[in-house]
1. Using a 1.4 Å probe and counting only protein heavy atoms, arrange Lys19, Lys78 so the residue with the most accessible area comes first.
2. Run the 1.4 Å probe and let me know the accessible area of Trp72, rounded to the nearest 10 Å².
3. Report P(r) for the chain: all Cα-Cα distances, bin width 10 Å, range 0 to the bin holding the largest distance, values in whole percent.
4. Can you list the HN-Hα couplings for region 40-55, worked out from phi with the Karplus curve (6.51, -1.76, 1.60; θ = phi - 60°), rounded to whole Hz and with x for Gly and Pro?
5. If you roll a 1.4 Å probe over the heavy atoms of the protein chains, what accessible area per residue do you get for the chain, in Å²?
6. Keeping all protein chains in position, work out how much accessible area Leu49 exposes to a 1.4 Å probe, and write it in Å² to the nearest 10.
7. Do you know the relative contact order of the chain, to the nearest whole percent, from alpha carbon pairs under 8 angstrom that are 6+ apart?
8. Once phi is turned into ³J(HN,Hα) by the Karplus curve 6.51 cos²θ - 1.76 cosθ + 1.60 with θ = phi - 60°, what whole-Hz value does each residue of region 28-39 show in order, with x for glycine and proline?
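The values are calculated or read from the model by the stated rules, or taken from the named source; none is laboratory data. These numbers come from a predicted model, not from an experiment. Cβ atoms come from the backbone with ideal geometry, glycine included; neighbour counts cover every protein chain shown. Only protein heavy atoms, including side chains, enter the accessible area calculation; ligands, DNA and RNA are left aside. Shrake-Rupley method; radii C 1.70, N 1.55, O 1.52, S 1.80 Å.
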Amino acid sequence: MGIIFSLLLGCLAGFCAGKLMKGGGFGLIMNIVLGLLGGALGGWLFSLLGISWGGILGQLATAIIGAVVILWIASFFKK
């Protein structure tokens, strides 16, 4: 159940990150895929910094921040 929840949270994070990014990101499907990667990136980056947010909202915020970072980096390749 943990993996399914993480995937759903990553999808939601990708959607939210696409809405936050200027220009809307890369479209719904690609934003969701990048959100999944961003959730993993956000968790990894925050663990390196020693930051841990508990609960569903903390995990969602971590995933959204990671997804925004991924979308920001990917925007350089879109041009």
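1. Details: Lys19 145, Lys78 120 Å².
Descending accessible area places them as Lys19, Lys78.
2. 140 Å²
3. 23, 53, 22, 2
4. 5, 5, x, x, 5, 4, 5, 5, 5, 7, x, 9, 9, 9, x, x
5. 65 Å²
6. 120 Å²
7. On the way: 117 pairs, mean separation 29.2, N = 79.
Relative contact order of the chain: 37 percent.
8. 4, 5, 5, 4, 5, 4, 5, x, 4, 5, x, x
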